[in-house]
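The values are calculated or read from the model by the stated rules, or taken from the named source; none is laboratory data. This structure is a prediction, so every number in the text was calculated from the model and none was measured. Every residue, glycine as well, gets a Cβ built from its backbone with ideal geometry; the counts of neighbours run over all protein chains shown.
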Amino acid sequence: MAVYEYLALDASGAERVGQIEAPDERAAAVQLREAKIFVLSIRDPSAAGADDTGVSRFNPRRYLSTSQGELVFLFRQLALMLRAGHTVVQALEANREMAVKFQLRRALGRMRDSIEDGGSLSRALAAEKQVFPPMVAKLIEAGESSGEIDSIFERLADDIDRRLDIKRQLLTAMTYPTLVFLVAIGVTVALVGWVIPRFAKFLTARGTELPPITQFLLDIAAWFQDWGAMTGGIVALAIFATLVAYTTTAGKRVIDTLLLRVPIIGATLRASSLGQAASMLSMQLRSGITLLQSLTITAGVVGNQAYADAFHRAGERILGGEPLSSALRLPVIPPLMRHLAAIGERSGELETVMQSLGDYYRKDLQARVKIMAAWVEPAMILVVGGMVGTVYLAFFTAALKVSTR
């Protein structure tokens, strides 16, 4: 039997710290749950090679940056603890003990110290720019005024979780076709660059004329042998230049604008950006942030630079006295968003209308991702089948010609 230290909440929501004797951590947790105690963390203080997180200090994962999924877990835990009656300092300390990543642990420790010194939670969040997006501090600042910090943490967790779910769907849909395509390229290169040229030498030595399709592939292989290095260098340089340009505001603006005009991809990016923007506007307005501040924050959060510029210009127009529906009259903003903004302004429920618009674009994005997944797989099969089929046709056509001589 071992003695475990635990941090938990009792039935009234009060924090409890103590020790319990059990065969293992799981049995200790079961005993605490049977006693109607909600376990926040549990550890064996005598365990070697581990710290107060219960995770080996030699785990390389601990040195990585904080992921979006970990922020979702953190925000949900903070919301739960604050709703249960914990102070902000207690909630931060409990989550610091549970955090695995060093970056997050240190950030939560600094935030706890800042609040104990008399600072506010919003200022402590704003100081941790490497971990938390700027919008988090702004929303919490509004929540401090309204007394709804727990609700804002819950909304933030929901918003990030929805975006992560769409990314997971897209990644899952593209993983298999991408792997198949890369394998097909590898097989084709091996056949064209190594197998067929050796077989061609054998045919030439026998005085056999190569079939047209075999000769065509040999010409391609020869061209790549002569110019492949230069072509690869030019392509790599072009990709590098594009990536460098994307790190600048002007380059990102040009590239993002061009991407919006690409069929299928542009519509998907448009649904993603507008869905995120509408949800962000709704969440901020519901939290008590002014419309002008909400547009400024949304412009800094939305990924596409073309839409970021549009929301910046809309904010400037509102500052000049225009209503939102008129301020959004910009080329990249669709009429649907302007019309719904006008309805929200007339009814006085702009945040509700924006939330509905965000849900609409989110469903549209999910539908587009499913359609892309449904089309990409058969398209990859056709492309891969065409590549491999052409190579094998060239190979067996030449082999058949030898066998008939």
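Rundown of residues vs (1) surrounded by fewer than 20 Cβ atoms within 10 Å (Cβ to Cβ); (2) within 26 Å of the chain's Cα centre (by Cα); (3) of a type outside the set (Phe, Trp, Tyr); (4) in the same structural domain as ASP158 (by TED's automatic domain parsing), yes/no style:
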{"site": "LEU64", "(1), (2), (3), (4)": "yes, yes, yes, no"}
{"site": "SER67", "(1), (2), (3), (4)": "yes, yes, yes, no"}
{"site": "GLU70", "(1), (2), (3), (4)": "yes, yes, yes, no"}
{"site": "PHE73", "(1), (2), (3), (4)": "yes, yes, no, no"}
{"site": "GLY85", "(1), (2), (3), (4)": "yes, no, yes, no"}
{"site": "ALA99", "(1), (2), (3), (4)": "no, yes, yes, no"}
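Residues of the range 47-89 that are at pLDDT below 60 and not β-branched (Val, Ile, Thr): ALA47, ALA48, GLY49, ALA50, ASP51, ASP52, GLY54, SER56, ARG57, PHE58, ASN59. Checking each residue in the range 82-99 for being under 13 Å from ILE149 (Cβ atoms) and among the charged types (D, E, K, R) picks out only ARG83.
Let's see how each residue does on (1) aliphatic (A, V, I, L, M); (2) within 28 Å of ALA367 (Cα to Cα); (3) out of contact with any Pro (no Cβ under 8 Å at 6 or more places or on another chain); (4) in a loop (DSSP other than H, G, I, E, B):
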position: HIS86; (1), (2), (3), (4): no, no, yes, yes
position: VAL100; (1), (2), (3), (4): yes, no, yes, yes
position: ARG110; (1), (2), (3), (4): no, no, yes, no
position: ASP113; (1), (2), (3), (4): no, no, yes, no
position: PHE132; (1), (2), (3), (4): no, no, yes, yes
position: SER145; (1), (2), (3), (4): no, no, yes, no
position: GLN169; (1), (2), (3), (4): no, yes, yes, no
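Inspect the range 346-367 for any residue being in contact with a Phe, Trp or Tyr (Cβ under 9 Å, 6 or more places away or on another chain), surrounded by 15 or more Cβ atoms within 10 Å (Cβ to Cβ) and among the β-branched types (Val, Ile, Thr) and give the result as yes or no. No.
The set of residues from the range 90-122 being at pLDDT below 85 and hydrophobic (A, V, I, L, M, F, W, C) comprises MET98, ALA99, VAL100. Which of the residues that make up the range 167-196 are more than 16 Å from MET387 (Cα to Cα) and in contact with a helix residue (DSSP H, G or I) (Cβ under 6 Å, 6 or more places away or on another chain)? Of everything in the range 167-196, those that are more than 16 Å from MET387 (Cα to Cα) and in contact with a helix residue (DSSP H, G or I) (Cβ under 6 Å, 6 or more places away or on another chain) turn out to be GLN169, LEU170, ALA173.
Listed by first and then second residue, the pairs linking a residue in the range 158-173 that is over 23 Å from SER282 (Cβ atoms) to a residue that is of a type in the set (A, V, I, L, M, F, W, C) and assigned to a helix (DSSP H, G or I), with Cβ atoms under 7 Å apart and 6 or more places separating them unless they lie on different chains, are LEU170/VAL369; ALA173/VAL369; ALA173/MET372; ALA173/ALA373; ALA173/VAL376. Among the residues making up the range 320-335, those that are part of a loop (DSSP other than H, G, I, E, B), surrounded by 11 or more Cβ atoms within 10 Å (Cβ to Cβ) and not β-branched (Val, Ile, Thr) are GLU322, PRO323, LEU328, ARG329, LEU330, PRO334.
If the condition is being touching a residue at least 24 places away in the same chain (Cβ under 8 Å), part of a helix (DSSP H, G or I) and surrounded by fewer than 24 Cβ atoms within 10 Å (Cβ to Cβ), then the range 284-296 contributes LEU285, ARG286, LEU291, LEU292, GLN293.
Pairs linking a residue in the range 127-138 that is surrounded by 19 or more Cβ atoms within 10 Å (Cβ to Cβ) to a residue that is basic (Lys, Arg), with Cβ atoms under 8 Å and 6 or more positions apart or on different chains, are GLU128/ARG110; ALA137/ARG123.
Residues in the range 220-279 that are outside any helix (DSSP H, G or I) and closer than 19 Å to ILE166 by Cα: ILE264 only.
State whether the residues of the range 386-404 include one that is farther than 30 Å from VAL192 by Cβ and either in contact with a strand residue (DSSP E or B) (Cβ under 6 Å, 6 or more places away or on another chain) or in a loop (DSSP other than H, G, I, E, B) (or both). The answer is no, given that none of the residues of the range 386-404 is farther than 30 Å from VAL192 by Cβ and either in contact with a strand residue (DSSP E or B) (Cβ under 6 Å, 6 or more places away or on another chain) or in a loop (DSSP other than H, G, I, E, B) (or both).
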